[in-house]
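Down below is the structure, laid out as structure tokens.
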């Protein structure tokens, strides 16, 4: 399998309803755009494919994850944690169903 086809395999085309799916994500701005799209979908319950997650957890994605700064996204904060990046303030919505859950301390 060629490198371009391997890249295309893990890039989730459903994250690009507004444009053609890129064949690779080598440019830092393209990586940041991909992370923003991925996290936005993930926050709405559309989980990343295993091969996509495996790819973005590689060390070469750490800088792009750090530079995305999607502070309102729960998924983004999880990606930061998975990359061992410094914690940033979460400024997104607080969900009363979670905050008021008496069993939360057991999770």
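The values are calculated or read from the model by the stated rules, or taken from the named source; none is laboratory data. Everything numeric in this text was worked out from a predicted model, so none of it was measured. Here the Cβ positions follow ideal geometry from the backbone for every residue, glycine too, while neighbour counts run over all protein chains shown.
Taken over region 41-68, the residue count meeting the criterion of being within 22 Å of residue 86 (Cβ to Cβ) and either touching a residue at least 24 places away in the same chain (Cβ under 8 Å) or buried (at least 18 other Cβ atoms within 10 Å of the Cβ) (or both) is 10. With respect to being over 13 Å from the mean Cα position of the chain (by Cα), without any contact (Cβ under 8 Å) to a residue 24 or more places away in the chain, farther than 23 Å from residue 91 by Cα and assigned to a helix (DSSP H, G or I), residue 23 falls outside the description.
Counting only residues that are in contact (Cβ under 8 Å) with a residue 12 or more places away in the chain and either farther than 18 Å from residue 45 by Cα or touching a helix residue (DSSP H, G or I) at 6+ places or on another chain (Cβ under 7 Å) (or both), region 69-83 holds 10 of them.
Kindly indicate whether any position in region 86-99 is surrounded by fewer than 16 Cβ atoms within 10 Å (Cβ to Cβ), outside any loop (DSSP other than H, G, I, E, B), touching a helix residue (DSSP H, G or I) at 6+ places or on another chain (Cβ under 7 Å) and touching a residue at least 40 places away in the same chain (Cβ under 8 Å). No - not one qualifying residue is present in region 86-99.
Of the residues 60, 81, which is outside any loop (DSSP other than H, G, I, E, B), under 23 Å from residue 9 (Cβ atoms) and more than 9 Å from the chain's Cα centre (by Cα)? Unique residue meeting the criteria: 60. Screening region 1-21 for residues that are surrounded by 14 or more Cβ atoms within 10 Å (Cβ to Cβ) and over 15 Å from residue 36 (Cα atoms) and picking the one that is modelled with the highest pLDDT gives 10.
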